[in-house]
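Novice: Here it is, the structure, as structure tokens.
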């Protein structure tokens, strides 16, 4: 069994996978030997891999922001929609004025 970790653009491990076959992919690092020597595959998660060396520190992402209250979200969207309606109306008035000016 082969064990691979997935790196993002800055070399941070963001996932892992195992396969019965070799996988050739530049975004994957083969950690099979380390796993066979006792390192848990999930221990690589959030560690940085730079020039063949794994960081000791884990760079866990910030937790996602809590979802807004549905009622507050509705109010914000209704407010935004009203502003957009006003802008559309103003744009239509401007276009009408231009046409009246040109073709009058």
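Derivation of every value follows stated rules applied to the coordinates shown; laboratory data play no part. This one's a predicted model, so the numbers in the text were calculated from it and none came from an experiment. Because the Cβ atoms are built from the backbone with ideal geometry, glycine has one as well, and the counts that use them run over all protein chains shown.
Novice: Would you confirm whether or not the range 54-74 contains a residue that is touching a strand residue (DSSP E or B) at 6+ places or on another chain (Cβ under 7 Å) and part of a loop (DSSP other than H, G, I, E, B)? Outline the logic, then answer.
Specialist: Our first condition is that a residue be touching a strand residue (DSSP E or B) at 6+ places or on another chain (Cβ under 7 Å); within the range 54-74, this holds for 54-55, 58-59.
Adding the requirement that they be part of a loop (DSSP other than H, G, I, E, B) leaves 59.
The answer is yes, given that some residue of the range 54-74 is touching a strand residue (DSSP E or B) at 6+ places or on another chain (Cβ under 7 Å) and part of a loop (DSSP other than H, G, I, E, B).
Novice: I've got another one for you. Would you mention how many residues in the range 44-65 are over 15 Å from residue 9 (Cα atoms) and within 18 Å of the chain's Cα centre (by Cα)?
Specialist: Number of matching residues: 5.
Novice: Being exposed (fewer than 11 other Cβ atoms within 10 Å of the Cβ) and assigned to a loop (DSSP other than H, G, I, E, B) is the filter here; which residues of the range 38-53 pass it?
Specialist: 38, 40, 51, 52
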